[in-house]
Amino acid sequence: MFLINPPDVVDFDVWSAMHDAHRKPRRSAWADANRGGAVTDSFLEGPVFDDAGNLYVTDIPWGRVFRIDPAGSWSLVVEYDGEPNGMKFLDAGRLLITDYKNGLMLLDIAAGKVEPYLERRNSERFRGVNDLVFDEHGNLYFTDQGQSGLHDPSGRLYRLRPNGQLDLLLDNVPSPNGVALSPDGRVLYLAVTRGNCVWRVPLMADGSVSKVSQFFTSYGPSGPDGLAVDSAGNLLVCNPGLGYVWLLNHRAEPITVWRSPKGMSTTNIAFGGPDRRTLFCTESVSGSILTASAPNAGLPLSRLQGLPGR
């Protein structure tokens, strides 16, 4: 790839790490399947901020959600029988969770209670949902990754409308993972982990998708994971396996590469701070939260107020 201007390369700082008291250094069913049986005391994902500046993250193998306050102190919100991954606020008090084991789950933060939101489609279980994003109209886009990959390119991208209608948009993706929307909401970016790339998915006026293309191609042992978009329309791509987060312009050219000083498992990212120009990245294997300054603020995340039609 020919670049007129090479990207800036910046190291993340380590902001906070899970306390030893919260770690579970033993085998789990999730780690047996997804980490080759390695002892995995935690695996962080799904960072999202509330209005008070608290950061919420999931711990996949142990079915936990943590709150990290602005000073970096951790508290357990809930532990349940699940494998939570991505999270977005449904409203100020509830988080919608993509749970690999159970489907879409709803967390009442104050009550510390998790209940089903959408477990099945036409009585069939999902393969293993991964990440999610709302648009400004309350449509929910989420990925159903399972164990798909180049050997089995059958991962799915869904849209759940506020009236409860579930649309299958793609069913041929080799490991669909993170999702993010362009500022105008007309393009969805889709991380394709085992294809080591990001797809560009135009969202048509009639609700269909068309002319899906490969926007960005990475390399290495593990491909793109969590995604975000900034106020200038640039795409941020978490790239575990490399320990990178890419900042890409509209031509998918790298502007900045942030590098992890702690480990290679940079899985997901959220914008925080008073001006939303601080990046908070989960380094999953070490149980750490990394931070760096961004050149632009992150796009505000849409929410679905209430549960119409459900």
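Quick notes on this one:
- Taking a ≥ b ≥ c as the square roots of the Cα gyration tensor eigenvalues, the stretch 136-249 comes out oblate, since a/c reaches at least 1.5 and a/b does not exceed b/c.
- Protein accessible area in the stretch 216-310, 1.4 Å probe - carbon and sulfur %: 53 percent
- Residue-normalised accessible area of the stretch 241-310, expressed per residue, 1.4 Å probe, Å²: 40 Å²
- Cleavage-rule hits (chymotrypsin sites (Phe, Trp or Tyr not before Pro)) in the stretch 201-310: DSSP loop, at most 10 neighbouring Cβ within 10 angstrom: TYR219
- In summary, the convex hull built on the alpha carbon positions of the stretch 14-232 has an orientation-averaged projected area of 12.9 nm².
- Set of lysines near LYS113 by C-alpha distance (under 20 Å), chain-local residues within fewer than 8 positions excluded: LYS88, LYS101
- Surface accessible to a 1.4 Å probe, per residue, for the residues of the stretch 14-232, Å²: 40 Å²
- If R0 is taken as 51 Å, the Cβ-Cβ distance between ASP91 and ALA38 corresponds to a FRET efficiency of 0.85.
- Charged side chains reduced to their Cβ positions (Lys and Arg at +1, Asp and Glu at -1) give the chain a dipole of some 440 debye around its Cα centre.
- The calculated 222 nm mean residue ellipticity attributable to helices in the chain amounts to -500 deg cm²/dmol, summing -39500 (n - 2.57) over DSSP H runs of n ≥ 4 and dividing by all residues.
- Expressed as a whole percent, the accessible area of the stretch 1-140 that falls on carbon and sulfur atoms is 46 (1.4 Å probe).
- Dipole of the chain [Lys/Arg +1, Asp/Glu -1 at C-beta], most positive-end residue of SER293, VAL129, MET87: VAL129
- Backbone phi angles across the stretch 253-259, fed through the Karplus curve with coefficients 6.51, -1.76 and 1.60 (θ = phi - 60°), yield HN-Hα couplings of 8, x, 8, 9, 10, 8, 10 Hz in residue order; Gly and Pro are listed as x.
- Loop-located trypsin sites (Lys or Arg not before Pro) across the stretch 194-251 with a Cβ neighbour count of 13 or fewer within 10 Å are LYS211, ARG251, with loop assigned by DSSP.
- Listed residues SER123, SER286, SER182, most fluctuating in the chain (Gaussian network, C-alpha, under 10 Å): SER123
The values are calculated or read from the model by the stated rules, or taken from the named source; none is laboratory data. As the structure is a prediction and not an experimental result, all values here were calculated from the model. Positions of Cβ are generated from backbone atoms using ideal geometry, with glycine treated the same way; all protein chains shown enter the neighbour counts. With ligands, DNA and RNA removed, areas are computed over all heavy atoms of the protein, side chains included. Shrake-Rupley method; radii C 1.70, N 1.55, O 1.52, S 1.80 Å.
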